[in-house]
Amino acid sequence: MTKVFLDTNVILDFILKREGFAKNAAIIFDLGERNKIHLTLSSLSINNIDYIVSKIQNKKKARTIVIRLLSITEVLSVKQSTIQSAALSEFKDFEDATQNFCAEEGNVNCIITRNLKDFKKSSLSVQSPTEFLVSFS
């Protein structure tokens, strides 16, 4: 089974129903719920999602979403080795580096993100939601 890492922006596209991006994110989540792909995200993403949804909607909604995410995804841990790899990397953005090395340590097949340029230094396959869906089908 294809094991994919979801960047936070793709998860937020789905949760917040972002115009122009929600449809593909929803299809990816549907594939995960139907066990066609294995969805992963980082523990860092969970924190960010809770914070953002709490600010845009409310804390209760944020926690409901986090609990739902836990039921359909595997949360990969950000460990000391993850942070060390990120700190020593050539990534411009530390958060993106952390996400990348979390994905690497989680042995995923690819990272799905809308910010492809942020992952230029990745050794993994990096695809936009659209690219992933085209290649998956």
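Values in this text are rule-based calculations from the coordinates and carry no lab data. Note that this is a predicted model, so its numbers are computed, not measured. Every residue, glycine among them, receives a Cβ derived from its backbone with ideal geometry; neighbour counts consider all protein chains shown.
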Inset, instruction - State the number of residues belonging to the stretch 14-60 that are among the charged types (D, E, K, R) and outside any helix (DSSP H, G or I). - result: 5
Legend entry - Meets criteria (among the β-branched types (Val, Ile, Thr), within 22 Å of Gln57 (Cβ to Cβ) and assigned to a helix (DSSP H, G or I)) for Ile11: yes
Legend entry - Selection from the stretch 111-137 of residues that are part of a strand (DSSP E or B), farther than 21 Å from Gln84 by Cα and under 11 Å from the mean Cα position of the chain (by Cα): Ile112
Inset, instruction - Go through (1) acidic (Asp, Glu); (2) closer than 18 Å to Leu39 by Cα; (3) within 13 Å of the chain's Cα centre (by Cα) and name the single condition Glu95 misses. - result: (2)
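Quick check on the stretch 71-81: of everything there that is assigned to a helix (DSSP H, G or I) and either free of Cβ contacts under 8 Å to residues at least 24 places away in the same chain or over 16 Å from the mean Cα position of the chain (by Cα) (or both), which residue is nearest to Phe14 (Cα to Cα)?
Narrowing the stretch 71-81 to residues assigned to a helix (DSSP H, G or I): 71-72, 80-81.
Narrowing the set further to residues that are either free of Cβ contacts under 8 Å to residues at least 24 places away in the same chain or over 16 Å from the mean Cα position of the chain (by Cα) (or both) leaves 71, 80-81.
Details: Ser71: 16, Gln80: 30, Ser81: 30 Å.
My answer is Ser71.
Here's a check for you: in the stretch 83-110, which residue that is acidic (Asp, Glu) and not in a helix (DSSP H, G or I) is surrounded by the most Cβ atoms within 10 Å (Cβ to Cβ)? Explain how you work it out, then say what you get.
Filtering the stretch 83-110 for residues acidic (Asp, Glu) gives 90, 93, 95-96, 104-105.
Imposing the further condition that a residue be not in a helix (DSSP H, G or I) reduces the set to 90, 93.
Numbers: Glu90: 7, Asp93: 13.
Selected residue: Asp93.
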